[in-house]
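K.L.:
One structure, as structure tokens, below. Some questions next.
The values are calculated or read from the model by the stated rules, or taken from the named source; none is laboratory data. Because the structure is a prediction, the values reported are computed rather than measured. Using ideal geometry, Cβ is built from the backbone for each residue, glycine included, and neighbour counts are taken over all protein chains shown.
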Amino acid sequence: MKISVTFRHMNSTEALRAYAEEKISKVAKLLNDTCEAHVVLSVERHVHYCHVELLTGGAFRVRADEKSEDMYQSIDLASDKLAKQVKRYREKVRDHRGIESRSRELPHQVFKAPARHEDGDEELAMEKPHVLRTETITARTMSVDDALIKMDLLNSDFLVFTDQKNNQVSVMYRMPDGSYGLIEARQPEGA
């Protein structure tokens with residue numbers, strides 16, 4: 001197990017490094033896979049932040065961000081949060097053993113709106129946006145419940161997946177109030 005500890009806006013101490021490594025290695029033992037952990041410890045305005053990201057060889061990723069008045073307490077809170085997420089994931093995997101894991105590659109493009117020309121020429125302002133970069137993401141086949149759990153584990157605001165119920169691409173997203181939304185893609189009728 002490889003654990004990297006980074007200190008930001010604070011002096012690095014061997015005691016904090018050892019404490020973080022010990023707590024995160026206990027969580028990593030819950031996974032039966034080789035894993036790698038990245039820990040970032042920082043202080044901003046007397047608030048101690050601990051960010052931990054745990055990655056496995058099986059493309060499983062868990063993140064935790066915690067803050068408190070004491071760095072040791074922040075590390076404890078983050079490791080407890082990671083342990084809960086890993087245990088929840090293991091239970092879910094145990095319950096759904098044997099489900100085939102298919103995936104579909106989807107292109108993901110990022111667009112940028114054009115800037116207005118200095119002389120106010122509206123034709124230039126009406127140009128189509130252009131692609132800044134293209135990514136390919138894997139839309140793994142899973143149930144809506146699995147998508148919710150994966151979003152929670154990744155601490156992500158959205159997740160693109162293939163719904164195992166209808167084999168269509170769907171997007172799960174987190175709304176500002178903390179509830180979730182689901183976008184289900186459908187082929188147009190007659191196509």
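K.L.:
Is the range 151-163 home to any residue that is surrounded by 11 or more Cβ atoms within 10 Å (Cβ to Cβ) and at positive phi?
P.N.:
Yes, some residue in the range 151-163 is surrounded by 11 or more Cβ atoms within 10 Å (Cβ to Cβ) and at positive phi.
K.L.:
Is it true that GLU91 is at pLDDT below 95, part of a helix (DSSP H, G or I) and more than 21 Å from the chain's Cα centre (by Cα)?
P.N.:
For GLU91, the condition - at pLDDT below 95, part of a helix (DSSP H, G or I) and more than 21 Å from the chain's Cα centre (by Cα) - is not met.
K.L.:
Name the pairs: first residue in the range 141-158 and closer than 12 Å to TYR89 by Cβ and in contact (Cβ under 8 Å) with a residue 40 or more places away in the chain, second residue charged (D, E, K, R) and outside any helix (DSSP H, G or I), Cβ to Cβ under 9 Å, at least 6 apart or on different chains?
P.N.:
Within 9 Å, the pairs are ASP146/ARG140; LEU153/ARG61; LEU153/ARG63; LEU154/ARG61; LEU154/ARG63.
K.L.:
Just the residues that are within 28 Å of ALA83 (Cβ to Cβ), among the aliphatic types (A, V, I, L, M) and assigned to a loop (DSSP other than H, G, I, E, B), please, taken from the range 138-191.
P.N.:
Hit for the range 138-191 is MET175, nothing else.
K.L.:
It is to be established whether one or more residues within the range 17-36 are part of a strand (DSSP E or B) and either farther than 11 Å from MET71 by Cα or not small (Gly, Ala, Ser) (or both).
P.N.:
Yes, some residue in the range 17-36 is part of a strand (DSSP E or B) and either farther than 11 Å from MET71 by Cα or not small (Gly, Ala, Ser) (or both).
K.L.:
Check off (1) within 22 Å of SER156 (Cα to Cα); (2) at pLDDT below 90 for ALA113 and give me the number that stays unchecked.
P.N.:
Failed condition: (1).
K.L.:
Something else now. Under 8 Å between Cβ atoms, which residue pairs at least 6 apart in sequence (or on different chains) link something in the range 164-191 that is on the phi < 0 side of the Ramachandran plot with a partner that is part of a loop (DSSP other than H, G, I, E, B) and β-branched (Val, Ile, Thr)?
P.N.:
Once the first residue is on the phi < 0 side of the Ramachandran plot and sits in the range 164-191, its partners that are part of a loop (DSSP other than H, G, I, E, B) and β-branched (Val, Ile, Thr) give GLN164/ILE99.
K.L.:
Could you tell me which residue of the range 58-81 is modelled with the lowest pLDDT, considering only residues that are over 10 Å from LYS23 (Cα atoms) and surrounded by 19 or more Cβ atoms within 10 Å (Cβ to Cβ)?
P.N.:
VAL62
K.L.:
Filter the range 120-148 for residues that are of a type in the set (D, E, K, R) and at pLDDT 80 or above and give the result.
P.N.:
ARG140, ASP145, ASP146
K.L.:
Please go through the range 12-52 and pick out each residue that is touching a Cys at 6+ places or on another chain (Cβ under 9 Å) and over 18 Å from ARG90 (Cβ atoms).
P.N.:
Within the range 12-52, ALA20, VAL39, VAL40, LEU41, SER42 meet the criteria.
K.L.:
Give the range 8-29 a look and list any residue that's closer than 11 Å to SER79 by Cβ and among the hydrophobic types (A, V, I, L, M, F, W, C), or say none.
P.N.:
ALA20, ILE24, VAL27, ALA28
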